[in-house]
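Below: the structure, in structure tokens.
Just so you know, all these numbers are worked out from the coordinates, no wet-lab data involved. Values in this document were obtained by computation on a predicted structure and should not be read as measured data. Cβ placement follows ideal geometry from the backbone for every residue including glycine, while neighbour counts extend to all protein chains displayed.
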Amino acid sequence: MSGGESTSTCLACDRDSNATPLLALEYRGKRLWICPQHVPILIHDPTRLAGRLPGAESLSPAEGHD
Ligand SMILES: [Zn+2]
């Protein structure tokens, strides 16, 4: 491993852009990446990302308006 340049990996499954397309997102000022397979988790069940995504436990699913 060479230090320095950090590899972009999906925040849910740790696959990099050689294995899957990655979508960039920004959260709390940090650039994060997620693969299409895990975008629905981020949208509908973000608390499942708690532990990987700091603060995810306080995110609300996009579904519903209450
Ligand atoms: Zn993923």
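Overview of values
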{"item": "Theoretical gain in end-to-end length, Ser6 to Leu23 [0.36 nm per residue, Cα-Cα removed]", "result": "4.5 nm"}
{"item": "Cβ-defined net charge surrounding Leu32, 13 Å radius [Lys, Arg +1; Asp, Glu -1]", "result": "+2"}
{"item": "Only Lys, Arg (+1) and Asp, Glu (-1) charged, at Cβ; segment 8-66 dipole about Cα centre in debye", "result": "240 debye"}
{"item": "Residue-averaged [θ]222 nm for the chain, counting only DSSP H segments that reach four residues, each worth -39500 (n - 2.57)", "result": "-2000 deg cm²/dmol"}
{"item": "Segment 8-57, relative contact order in percent, only Cα pairs under 8 angstrom and at least six apart counted", "result": "29 percent"}
